[in-house]
Amino acid sequence: MAQFRILLLAAILMFSGVVVDAYGPGDNGYVGLRDDYYETSCKDVETVIKKAVQAELAKNLKHAAGVLRMHFHDCFVEGCDASVLLDGPDTEKTAHVNAKLAGFEVIDAAKAAVEEICPGVVSCADILAYAARDSTVELNGTAWAVQGGRKDGTVSLASRAEAELPPPEFEVSQLIDSFARRGLSVRQMVVLSGSHTVGVGHCDKFVSRLYNFNSTFFTDPTIDPAYATELKNICPQHTFNTTIEVFMDVITPTSAGVFEANYYKTLQEHKGLFTSDQSLFDDTRTKATVTSLLNNERFQKEFGKAMRAMGRVGVKTEGQIRTNCRAVNTY
């Protein structure tokens, strides 16, 4: 019933002249989005969001990486429209690929704080974009200017999430195609993959690389042998625990992660956890980019620019500003 209401409202909005764009133009700018978007309509919004995010992350800093990942998962499905936040049967957050998403309460807190000062003004999609930036800073990353002006979507389907989000088994050609369809370049793809420096993986996402890899190799030969042995100890064949978290950055594996360029060093050492990670170093089309991003200052600067580009993907410049980020407005 909830899914029906979401789809029905989407149809009503469509026939009411609402413009819904498939994808934005990558790093070339987007009509409707701009820096300091709420300067006159909600002057203190970024400060209020930052304080709410900091308060929530003080309770559980691991949710910082979760919010950053959530922003990616939102923008790659239906565009950056906060559709990943919607509750209900068969919505994006119920998809298997989104089963480990965390940090929804961070967005709830930020939205509640914003509604107190500027009710009905700031979209959930913009709040998620600001919160992703602020979460990165809490992990010692470098801030970037976030554009505002997105409207909230009304369609959220688990099937779309399963079809659109790049799985960990993807290799470079598939990753290039996935990002290109969203107006993002090969270099931006490699830069954005650097967010895995604060990521974790679960056994079911990479165990296929450890056992019965193919007819020639029992274990994926691109994995450092010592690292493969370590992973096998963590994830025994047939009996692994899917709740165990494995740090994707083996250089600085802290409980919440540190946002830095060491992710790329792990790829050089053939300790990329997923195929989608390790292939970035092993493929000639992306290897030089990986090497160049070992410079942390360069990585931080380029990451902010790439996040601005990703934040323009599929934005809706007309539509809803949800009162509750978990539900579409019914009025």
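The values are calculated or read from the model by the stated rules, or taken from the named source; none is laboratory data. Nothing here was measured: the structure is a model prediction, and the numbers come from that model. Please note: Cβ atoms are built from the backbone with ideal geometry, for glycine as well, and neighbour counts cover all protein chains shown. Areas reflect the complete protein model, heavy atoms only, side chains present, ligands, DNA and RNA absent. Shrake-Rupley method; radii C 1.70, N 1.55, O 1.52, S 1.80 Å.
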For this session: Those residues that are open to solvent by 70 Å² or more (accessible area, probe 1.4 Å) and among the small types (G, A, S), I need them from the range 40-68; list them, please.
Result: A58
Seminar exercise, completed: So, first residue modelled with pLDDT of 95 or more in the range 46-60, second residue polar (S, T, N, Q), Cβ within less than 9 Å, six or more apart or across chains; the pairs are V53/S135; L57/S135
Exercise. So which residues in the range 200-253 are in contact (Cβ under 8 Å) with a residue 24 or more places away in the chain and assigned to a helix (DSSP H, G or I), if there are any at all?
Worked result: C203, D204, K205, F206, V207, S208, R209, Y227, L231, I234
Problem set entry | Evaluation of T197 against (1) assigned by the TED database to the domain that holds G272; (2) modelled with pLDDT of 95 or more; (3) not in a loop (DSSP other than H, G, I, E, B) (one fails), failing number | (2)
Seminar exercise, completed: Taking the range 266-293 and keeping residues farther than 22 Å from L210 by Cβ, of a type outside the set (S, T, Y) and in a helix (DSSP H, G or I) leaves K287, A288, V290
Seminar exercise, completed: Reported set for the range 294-331 where residues are open to solvent by 60 Å² or more (accessible area, probe 1.4 Å) and farther than 16 Å from G79 by Cβ is L294, N295, N296, E297, R298, K301, K305, T323, N324, R326, T330, Y331
